[in-house]
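The values are calculated or read from the model by the stated rules, or taken from the named source; none is laboratory data. None of the values given here were measured: they were computed from a predicted structure. All Cβ positions, even for glycine, are placed from backbone atoms using ideal geometry, and neighbour counts span all protein chains on display.
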Amino acid sequence: MTKRAAVAESGEMALVELADGDKEKLDELDDGAFETDEDERPALFEPDVHRLGVAQGGELVGTVSWHGLAYGRGRNCSAWNVGMGLLPTARGRGVGVLALRMLVGYLLASTDVDRIEASTDVDNVAAQRVLKKGGFRLEGVLRGAQFRGGERRDMVQYGLLRSDLVPPPENVERTIVVARDGVALAEPVAGEKEKFFVDAAGDFEVDKDDRPRLAAAARSTLLSVLDETTGELLGGVSWHAVDYGGTVGCTAWNIGIGLLPGVRGRGVGTIAQRLLAEHLFATTPLDRVEAGTDVDNIAEQKALERAGFRREGVLRGTQLRGGVRRDLVHYGLLRTDQ
């Protein structure tokens, strides 16, 4: 196995320096999705492209790249335009989101450029989802920017500013709500909710829908999930009330969880959801706590079952993800189950 120098790491994922021949080997395995048409005419602009490999478990699964753009004469008007190419076998597993976040962190930490941007074909829904989960904001459509399949293609433009990512303050006094088994639930501090909603967005996030809601948005409460010893942010848990009969006695708590990519698979989700359920039973009169998760989210199903929740059934077609109706597995925990 070729040993490559890592410039950024998170769990089994790393951004690494490419060795000779790496890019050519990856190009041979790529399916060329959304590649633009060949053009033998000399290009009017040749950007200075920088490139790193995306490695998972030591194996290359793609590349990330970036080059500079100028919107004015000064460096303070410069931006990085980033791109990504993953092998077909690495797509749809959260690799792109984590690689993008690692690249953003690397560029913001190692350069003084304050803007990072990216664009993708209007039909490349998967790439648009990755950019949204990576914290990029939709900025508009670049009409006819590329030529693909013999016709002019529109591209969707996304941007991220350094000021969009506000880090939580260090050494701040925390209000711990409940803690046990190495995990603590605490009141969020400034900047923590933003970090949670950007970094903990997972593969099972539902599609965006700009249409007016038919039901009022549920009022949710959020707690941060921390390492009990170090205070490191691991993710967040939330809960809101659901009504099955119009009385307090017919009301239940519906809970959710999101963990940062680097801490998944360590049992944190099981402990955090068990702690939250116990906290809700101890501090409120409601007798039922429930949760739902995508039928393909096996890790969360196992976490709920280990936390004491019972599988109750499948809610067909309840969510829209990737343009497809998705079933949810429903779980419940009663006070009398404890």
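Any residue in segment 274-292 that's touching a residue at least 24 places away in the same chain (Cβ under 8 Å): show its pairings with residues that are in a loop (DSSP other than H, G, I, E, B) at Cβ separation under 7 Å, as long as the two are six or more apart or on different chains.
Taking only residues 6 or more apart or on different chains, the pairs are R274/A307; R274/G308; A277/A307; L280/L286; F281/Q338; A291/F309.
Return yes or no: is E28 surrounded by fewer than 11 Cβ atoms within 10 Å (Cβ to Cβ) and either in a loop (DSSP other than H, G, I, E, B) or modelled with pLDDT of 90 or more (or both)?
Values: surrounded by fewer than 11 Cβ atoms within 10 Å (Cβ to Cβ): yes; either in a loop (DSSP other than H, G, I, E, B) or modelled with pLDDT of 90 or more (or both): no.
The answer is no for E28.
Report the residue count in segment 197-241 for those that are modelled with pLDDT of 85 or more and not charged (D, E, K, R).
19
Criterion first (exposed (fewer than 13 other Cβ atoms within 10 Å of the Cβ), in contact (Cβ under 8 Å) with a residue 40 or more places away in the chain and out of contact with any His (no Cβ under 9 Å at 6 or more places or on another chain)) does T229 satisfy it? I'd like the intermediate steps shown before the answer.
Working: exposed (fewer than 13 other Cβ atoms within 10 Å of the Cβ): yes; in contact (Cβ under 8 Å) with a residue 40 or more places away in the chain: yes; out of contact with any His (no Cβ under 9 Å at 6 or more places or on another chain): yes.
So T229 fits the description; yes.
What are the pairs with Cβ atoms under 9 angstrom where one residue, in segment 1-24, is basic (K, R) and the other, located anywhere, is surrounded by 14 or more Cβ atoms within 10 Å (Cβ to Cβ) and assigned to a strand (DSSP E or B)? Sequence gap at least six, or different chains.
R4/A14; R4/V16; R4/G53; R4/A55; R4/L60; K23/R51; K23/G53; K23/T63
Just to be sure before I move on: is L107 assigned to a helix (DSSP H, G or I), modelled with pLDDT of 90 or more and not assigned by TED's automatic domain parsing to the domain that holds A272 in the structure I sent? Please lay out each step first, then the result.
Numbers: assigned to a helix (DSSP H, G or I): yes; modelled with pLDDT of 90 or more: yes; not assigned by TED's automatic domain parsing to the domain that holds A272: yes.
Here the answer is yes, as L107 does meet what is asked.
Tell me whether segment 104-116 contains one or more residues that are among the acidic types (D, E), surrounded by 15 or more Cβ atoms within 10 Å (Cβ to Cβ) and over 30 Å from G322 (Cα atoms).
We begin by selecting, within segment 104-116, every residue among the acidic types (D, E); these are 112, 114.
Still in the list and also surrounded by 15 or more Cβ atoms within 10 Å (Cβ to Cβ): 114.
Okay, now just the ones that are also over 30 Å from G322 (Cα atoms), so 114.
Yes, because at least one residue in segment 104-116 is among the acidic types (D, E), surrounded by 15 or more Cβ atoms within 10 Å (Cβ to Cβ) and over 30 Å from G322 (Cα atoms).
From G135, G96, which residue is closer than 21 Å to L26 by Cβ and at pLDDT below 90? Full working, then the answer.
Numbers: G135 fails: closer than 21 Å to L26 by Cβ.
Checking each option against the conditions leaves just G96.
Keeping to segment 171-190, report how many residues are in contact (Cβ under 8 Å) with a residue 24 or more places away in the chain and assigned to a loop (DSSP other than H, G, I, E, B).
Counting residues in segment 171-190 that are in contact (Cβ under 8 Å) with a residue 24 or more places away in the chain and assigned to a loop (DSSP other than H, G, I, E, B) gives 7.
Quick grid of which residues meet (1) touching a Gly at 6+ places or on another chain (Cβ under 9 Å); (2) exposed (fewer than 15 other Cβ atoms within 10 Å of the Cβ); (3) aromatic (F, W, Y); (4) within 17 Å of S10 (Cβ to Cβ):
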residue: R41; (1), (2), (3), (4): no, yes, no, no
residue: V49; (1), (2), (3), (4): yes, yes, no, no
residue: G62; (1), (2), (3), (4): yes, no, no, yes
residue: R101; (1), (2), (3), (4): yes, no, no, yes
